[in-house]
Amino acid sequence: MLVLERDRHMGNLLQEWLVAAGYDPVLASGESSASAVNIGRVDVVLADISSPRPAASALVVLLRASFPGTPIVLMSGYFMASGAQSRKVARALGVAGVLPKPFTRGALLGILARLVARQ
């Protein structure tokens, strides 16, 4: 699992949650670091974005090229907490899901469980 997170503290928290849940995350800092990360096969990409539209579109294109067929979950404080709205945004961006910040450990692990079960 690749985790792209701009905030070091949030990245450390995500890594702690994921390791405790049995995942093996690779933490990279920032939106632009996806192209620099050469980690081989990735089951899921969790990526923090600064804004939903221009940044997300560019990042999704980059991630799809780097990790074809890999589910992408975007995290941002700009996403609405509504489940229906989140699904609509995910479809519009062409990603497997979105996590509105702040989110709980349960919300993170829930979306990951659904994605891993599909694979």
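The values are calculated or read from the model by the stated rules, or taken from the named source; none is laboratory data. These numbers come from a predicted model, not from an experiment. We place every Cβ from the backbone using ideal geometry, glycine too, and count neighbours over all the protein chains shown.
A few points about this structure:
- Of the set (1) modelled with pLDDT of 90 or more; (2) over 17 Å from F67 (Cα atoms), all apply to R53 but (1).
- When F103, F67 are screened for being aromatic (F, W, Y), surrounded by fewer than 18 Cβ atoms within 10 Å (Cβ to Cβ) and modelled with pLDDT of 85 or more, only F103 passes.
- Considering only residues in the range 8-50 that are in a helix (DSSP H, G or I) and modelled with pLDDT under 75, the one that is farthest from the chain's Cα centre (by Cα) turns out to be A36.
- Count - residues of the range 102-119 that are in contact (Cβ under 8 Å) with a residue 60 or more places away in the chain and under 13 Å from the mean Cα position of the chain (by Cα): 4
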